[in-house]
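Scroll down for the structure; my scribbles are underneath it.
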Amino acid sequence: MSTDRLTTIDPLTGPLRGTATVPGDKSISHRAVLFSAMAEGTSTVSGVLDSQDVRSSMAAVAQLGAQVDLKEQEDGSLAGTITGWGSAGPAQPNERVYCGNSGTTVRLLMGILAPWPITVTLDGDESLRRRPMRRIAAPLMKMGAKFEPVGQELLPLTETGNPALKAITYDAPMASAQLKTAVLLAGVFAKGTTTVNEPAPSRNHTELMLPEFGVPTTAAARTASVKGPAQLKASDVCVPGDPSSAAFLTAAALLKPGSSVTIENVSLNPARIGFLRTLERMGANVEEAHCGQEGKEPNGSITAVYTPTLRGCEVPPQHIASLIDEIPVLALVAAHARGVTVFKEVGELRVKETDRLAAIIEGLSLLGVDAWEEGNNLFIEGNPDLEVPAGLVFDSHRDHRLAMTWAIAGLCGQNSVQIRDFESVAVSYPGFLSDIRALEA
Ligand code: S3P
């Protein structure tokens, strides 16, 4: 490994204490931007996450004709107005639409573009070009959209929409909110009811937000439907804090002796806080307090207190979608627990920003922790006396969640660590390090 692009993370000098807030939820921010761009009229959005991924969505919809007027606020969020293309539809872009590192941007756009008579080439960075797209193209093709090259899995892909989309009922092969959302967003413009059934519940932000934009939507466990044709109407969205970002502060408080931290104004949507359920089963001292709603999203605070007596647990397949993005940091917590932790059926980790299954095992083995995969299951043999050896160099594989996970190992451990391409945290949580350091007592 070359020594360029290495960032040194020094151990915290004291425990983490006090209250913190985290930036806006990434999934909800994408949807606020994309749905406002589709809507007729001017939407007002606030609390939007200012990160590379959300900027990819903003740039894409601006290129397609939406008027995006969001400004940086004192708290680091973005707020302002977005005037959508509404019933006129998105404009034919002159160049490919570049989605950077953002899977949510490209996959939701595939659904958004499906009903319109334009031809758009979608592309992304090196990582996004390695991620599977046929899972989205397949149902959209059943509805009538075209993708070229035909049958190709990877970006770049060129999509031609079809104003006569057919409504479908789709049994999704995996629990994926990106897939579900792409089909539902296309279904908004198809005549009849479009339904997506899932093998396990995935995050439901789309089903919660679409009715706010005037789209007839029904949802229950593992199924969601929209009734088309409908036109989204401008709305107001206030984005709560991101539980996936809060998970890193939570883990740091659990691992750093003497810590006690409360994270306020976080989305407590049950489809997103599976990590808290797992931490509870590991015996972690965590608590959530509900204090209201942001639109239809429940929100409140999370308190985490240092816990030296963590124990391993088994996380069943049906819970995986509710903590999919938190598995890297949960794996680090599990590495400090007594006994074995098993994450069941986590094959989806292989097709995230990098192969997270391989990267978790690689990083944990650097720490001297025994971690392995068997089929699609991830096993971690924890060690309550785990110490971070001197001189470790972790590779983030340019994956924001891995960069933050290995940073927690360095912050809460006994020795500094180095992380390759730590800057990738800008994808979801640019202020991660300063937010943690601000809690240092
Ligand atoms: C997301 C859905 C999940 C998640 C991703 C964001 C979303 O992906 O991992 O970070 O905003 O819909 P999948 O839909 O591939 O599970």
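Observations, loosely collected:
- Elements of type strands (runs of 3 or more DSSP E) contained in the stretch 355-441, each with 3 or more residues being modelled with pLDDT of 95 or more, over 23 Å from SER77 (Cα atoms) and open to solvent by 40 Å² or more (accessible area, probe 1.4 Å): 370-374
- Members of the stretch 112-128 that are more than 18 Å from the chain's Cα centre (by Cα) and either closer than 19 Å to SER87 by Cβ or assigned to a helix (DSSP H, G or I) (or both): ILE112, LEU113, ALA114, PRO115, TRP116, PRO117, ILE118, VAL120
- Being surrounded by 24 or more Cβ atoms within 10 Å (Cβ to Cβ) and not in a strand (DSSP E or B) is a property that LEU12 lacks.
- Look at (1) open to solvent by less than 10 Å² (accessible area, probe 1.4 Å); (2) in contact (Cβ under 8 Å) with a residue 60 or more places away in the chain; (3) outside any loop (DSSP other than H, G, I, E, B) and you find that ASN269 fails only one, number (3).
- Selection of the stretch 89-119 for residues being away from the ligand (no atom under 16 Å from the Cβ), within 17 Å of MET38 (Cβ to Cβ) and surrounded by fewer than 24 Cβ atoms within 10 Å (Cβ to Cβ) yields GLY89, ALA91, GLN92, PRO93, VAL97, TRP116, PRO117, ILE118.
- The set of residues in the stretch 153-165 that are of a type in the set (A, V, I, L, M, F, W, C), away from the ligand (no atom under 16 Å from the Cβ) and open to solvent by 30 Å² or more (accessible area, probe 1.4 Å) contains only ALA164.
- Restricting attention to the stretch 188-207 and to residues that are open to solvent by less than 20 Å² (accessible area, probe 1.4 Å) and part of a loop (DSSP other than H, G, I, E, B), the residue that is nearest to the ligand (Cβ to nearest atom) turns out to be SER202.
- Among the numbered conditions (1) within 16 Å of the ligand (Cβ to nearest atom); (2) open to solvent by 10 Å² or more (accessible area, probe 1.4 Å); (3) under 28 Å from GLN318 (Cβ atoms), the only one that ILE168 does not meet is (1).
- Every pair of residues 6+ apart whose Cβ atoms lie under 7 Å, when the first sits in the stretch 418-439 and is on the phi > 0 side of the Ramachandran plot while the second is open to solvent by less than 20 Å² (accessible area, probe 1.4 Å): ASP421/SER396; ASP421/ALA403
- The condition of being farther than 17 Å from TYR429 by Cα, at pLDDT 95 or above and either open to solvent by 20 Å² or more (accessible area, probe 1.4 Å) or touching a Lys or Arg at 6+ places or on another chain (Cβ under 9 Å) (or both) holds for only one of GLY76, GLY86, that being GLY86.
- In the stretch 333-354, residue least open to solvent (accessible area, probe 1.4 Å) [restricted to those that are β-branched (Val, Ile, Thr) and over 24 Å from PRO384 (Cα atoms)]: VAL346
- Restricting attention to the stretch 132-152, the residues that are open to solvent by 10 Å² or more (accessible area, probe 1.4 Å), in a loop (DSSP other than H, G, I, E, B) and within 21 Å of LEU185 (Cα to Cα) add up to 2.
- In the condition set (1) in contact (Cβ under 8 Å) with a residue 60 or more places away in the chain; (2) within 16 Å of the ligand (Cβ to nearest atom), HIS336 is compliant with all but (2).
- One residue alone among LEU179, LEU249, LEU185, LEU210 is away from the ligand (no atom under 16 Å from the Cβ), assigned to a helix (DSSP H, G or I) and open to solvent by less than 30 Å² (accessible area, probe 1.4 Å), and that residue is LEU249.
- ALA79 being within 13 Å of the ligand (Cβ to nearest atom) and closer than 26 Å to ASP325 by Cβ: no
The values are calculated or read from the model by the stated rules, or taken from the named source; none is laboratory data. All of these numbers come straight from a predicted model, not from anything done at the bench. Cβ: placed from backbone, ideal geometry, glycine included. Neighbour counts: every protein chain shown. Accessible surface areas use protein heavy atoms only, side chains included; no ligands, DNA or RNA. Shrake-Rupley method; radii C 1.70, N 1.55, O 1.52, S 1.80 Å.
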